[in-house]
Every structure is written in C-alpha cells, then in structure tokens.
Amino acid sequence: SAFYSNITVEKKGKKNNVGFIQLNRPKALNALCDALMKELQTALSDFSKDEEVGCVVLTGSNKAFAAGADIKEMQPREFAEVYKGDFLGFWNSISLFKKPIIAAVNGYALGGGCEIAMMCDIIYAGEKAKFGQPEILLGTIPGGGGTQRLTQAVGKSKAMEMVLTGDQISAQEALQFGLVANVYPVEELVDKVMEKAEKIASMSQIATGMAKEAVNSSYEMTLAEGIHLERRLFHSTFATILKLAINSIGSCNMGIINAKL
Ligand code: CAA
C-alpha cells in the first residue's frame, strides 16, 4: 500500500470498517502543503474503492487539526502561477468524496484547516478546539470555500465577523453557532467520533451514500428540486434495502442488512 509521510492511514473499528486518517505534520501544525493534500486525496481515493470501509474519520493532533494552507509554500507564489494552476481547486475533491466523512477537530482548525473540516459531513470538536479564517491577517481571503461554507454553517453575521477580523471561535461557540455537531473532552474526542463512525459504517452503504447526497443537494438545489431528488432516491431504496428488511419475516430488523448493499 501507499507510503505516506504527512498523514497516517489505517482501518479501525471492531469490524475494520472505518477509514482513519490522521494529519501528521507536527513541525508545521499540519499546515496543508501540496504533498500533504496529495496524500490525503490518495488515501480518500483508496477508501472510496475499499468496499469494507463505510465511513471515514479525519483528524489531526491535540494541538492542531490543521493550521491552514502552508504559508511558506504560498509566500513566493505569484498571480499567474496560482491562477493557471487553479491553486486550491483540487482541494474541493474532498467535498466530492461519496462516503460519509467526519472531522474530529482538536486544537487549531484555521484557514484551510477550517475549510477542510467544513468539507466533511460532520464536525466534532474537542473542548480546546479553535476555528478561524485568519487569511485577512495575511492580506488575503479564504480560498478553500471558507466564505461560502462558513456562511452556510454559522450565518452571515458570524461568518463576516470571522472572515473580516480573523478572530477565532472556541469549540463552545462553534457548537452554539452550528458549525460542529458536538463537543467532547480532548482525550475522549477520537473515541466518541469512532463510535459514531462505526455506527454509520454499520448501515447500508447505499443508504448512507444516498442520505449524504440528498442532504448535500440542499446546498445546490431549489427546495422543489431537492425534495424531488430526495423522493426519487427514497424510491430507489425499495430496490435493495427495504426489500431485504421486509423479507426478514416482517420484523424489519435492520440488523440483517448487509452494509455493503
Ligand atoms: N503554514 C506553514 N507553517 C505553519 C503554519 C502555516 N499555516 N502554521 C504554523 N506553521 C509552523 C510555524 O511556522 C512554526 O514553524 P517553525 O517552528 O519552523 O517556525 C510551527 O508551525 C509552529 O507554529 P508556531 O510557533 O506559530 O506555534 P504557536 O503555538 O505559537 O501558534 C498558531 C500557533 C496560532 C496556529 C500560529 O502558528 C499561526 O497563526 N499559524 C498560521 C495560521 C494561519 O494564518 N493560517 C491561514 C493560512 S492561509 C490559508 O489557509 C489560505 C486558505 O484559505 C486555504
């Protein structure tokens, strides 16, 4: 399997069905250099092909989920290069990952770190987590979706405040504003997130994939289009999952579901 130097990649959980990725570039607080981002994409691509994996967890260290794009790599770059190379464009592939992906954030999630977390389906935070879009302090603005996803997550006023001042928010504030689904003690975060991930991974992969697709479509579609898509996806589950459940002598015992279906 692939050799990684900026991340660690393993399969975890009692059924080995959770893909676990830890950003591991401690000397730069997991700053998202090109090499790290390429490794992350490779790991996700492998997990998307691995039928056993039903959910992915993305985490960092206790000090930093990720302190942003790599400032030292960005500093010498000029307009023509970043424009022609569509710098950060390829990051968006994380938001196109088909399986459920959960961010477990301890410590700093700043700039690109916050943006990567927001590309995930659920964010859980450790009590000491800090979220922020500090790009304005460097004379630039978020470039990995921060102005869009943060606004959708916390509303215009809070997003504007964060993007215009560069001020960070705490885990508790992130919970209050709906950026994260829950906050846990630092040392418990990964275990709590693994519990949720194992639960999700035990569901039908077709159903979790469709649920994710339907929820995400609410950001891209009108209400009528989204409801139409949802209903058609719902109908299509009658071809597989519900049939299996109903066949189990009317008990509808979801325990019989094969997670690969
Ligand atoms: N890029 C590259 N290196 C970084 C980095 C980054 N974003 N963040 C931290 N590092 C490096 C530091 O340079 C330092 O390395 P050296 O020891 O070699 O100098 C090491 O990580 C440890 O950092 P600090 O000594 O600064 O640690 P601290 O605990 O004193 O402070 C911090 C922590 C407040 C997070 C501080 O490191 C910081 O402010 N980092 C920059 C955060 C930032 O501005 N992020 C936005 C980047 S721009 C962006 O992300 C664009 C986008 O939209 C995608």
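The values are calculated or read from the model by the stated rules, or taken from the named source; none is laboratory data. As the structure is a computational prediction, the values presented were derived from the model and not from experiment. For neighbour counting, all protein chains shown are included, and Cβ atoms are generated from backbone atoms with ideal geometry for every residue, glycine included. For the accessible areas, the whole protein counts, side chains as well, though only heavy atoms, and no ligand, DNA or RNA atoms are used. Shrake-Rupley method; radii C 1.70, N 1.55, O 1.52, S 1.80 Å.
What are the residues in the stretch 29-55 that are aliphatic (A, V, I, L, M) and not in a helix (DSSP H, G or I), if any?
29, 31, 32, 53
Given the options 20, 79, 47, name the one that is over 28 Å from residue 184 (Cα atoms) and of a type outside the set (Ser, Thr, Tyr). Show your work before the answer.
Values: 20 fails: over 28 Å from residue 184 (Cα atoms); 47 fails: over 28 Å from residue 184 (Cα atoms).
Going through 20, 79, 47 in turn, just one is over 28 Å from residue 184 (Cα atoms) and of a type outside the set (Ser, Thr, Tyr): 79.
Looking at (1) touching a strand residue (DSSP E or B) at 6+ places or on another chain (Cβ under 9 Å); (2) open to solvent by less than 60 Å² (accessible area, probe 1.4 Å); (3) without any contact (Cβ under 8 Å) to a residue 60 or more places away in the chain, which is the only condition residue 26 fails?
Going through (1) touching a strand residue (DSSP E or B) at 6+ places or on another chain (Cβ under 9 Å); (2) open to solvent by less than 60 Å² (accessible area, probe 1.4 Å); (3) without any contact (Cβ under 8 Å) to a residue 60 or more places away in the chain one by one, residue 26 breaks only (2).
Residues to consider are 230, 220; find the one that is crowded, with 17+ Cβ neighbours inside 10 Å and either among the polar types (S, T, N, Q) or out of contact with any Ser or Thr (no Cβ under 7 Å at 6 or more places or on another chain) (or both).
Numbers: 220 fails: crowded, with 17+ Cβ neighbours inside 10 Å.
Only one candidate passes the filter, namely 230.
Could you check residue 206 against (1) among the hydrophobic types (A, V, I, L, M, F, W, C); (2) in a helix (DSSP H, G or I); (3) within 14 Å of the ligand (Cβ to nearest atom); (4) closer than 24 Å to residue 93 by Cβ and say which number it fails?
Going through (1) among the hydrophobic types (A, V, I, L, M, F, W, C); (2) in a helix (DSSP H, G or I); (3) within 14 Å of the ligand (Cβ to nearest atom); (4) closer than 24 Å to residue 93 by Cβ one by one, residue 206 breaks only (3).
If you take the residues of the stretch 100-112 that are open to solvent by less than 10 Å² (accessible area, probe 1.4 Å) and within 7 Å of the ligand (Cβ to nearest atom), which of them is nearest to residue 168 (Cα to Cα)?
111
If I ask for residues that are open to solvent by 50 Å² or more (accessible area, probe 1.4 Å), more than 10 Å from the ligand (Cβ to nearest atom) and aliphatic (A, V, I, L, M), which ones from the stretch 124-167 would you list?
Passing the criteria: 160, 164.
Identify, from the list 97, 87, the residue that is out of contact with any strand residue (DSSP E or B) (no Cβ under 6 Å at 6 or more places or on another chain), more than 23 Å from residue 177 (Cα to Cα) and open to solvent by less than 20 Å² (accessible area, probe 1.4 Å).
Residue meeting the stated conditions: 97.
Restricted to the stretch 168-208, and to residues that are small (Gly, Ala, Ser) and open to solvent by less than 20 Å² (accessible area, probe 1.4 Å), which residue is farthest from residue 237 (Cα to Cα)?
Taking the candidates together, the pick is 171.
Of everything in the stretch 69-100, what is farther than 17 Å from residue 30 by Cβ and among the β-branched types (Val, Ile, Thr)? Give them in sequence order.
82
Looking at the stretch 57-89 only, could you name the residues that are more than 12 Å from the ligand (Cβ to nearest atom) and free of Cβ contacts under 8 Å to residues at least 60 places away in the same chain?
Hits for the stretch 57-89 are 76, 78, 79, 80, 81, 83, 84, 85, 86.
Any idea which of (1) in contact (Cβ under 8 Å) with a residue 40 or more places away in the chain; (2) within 9 Å of the ligand (Cβ to nearest atom); (3) buried (at least 17 other Cβ atoms within 10 Å of the Cβ) is the one residue 115 doesn't satisfy?
(1)
Contact list please: Cβ distance under 9 Å, first residue in the stretch 143-154 and touching a residue at least 60 places away in the same chain (Cβ under 8 Å), second residue more than 11 Å from the ligand (Cβ to nearest atom) and of a type in the set (Phe, Trp, Tyr), pairs at least six apart or on different chains.
Between residues of the stretch 143-154 that are touching a residue at least 60 places away in the same chain (Cβ under 8 Å) and residues that are more than 11 Å from the ligand (Cβ to nearest atom) and of a type in the set (Phe, Trp, Tyr), the close pairs are 152/219.
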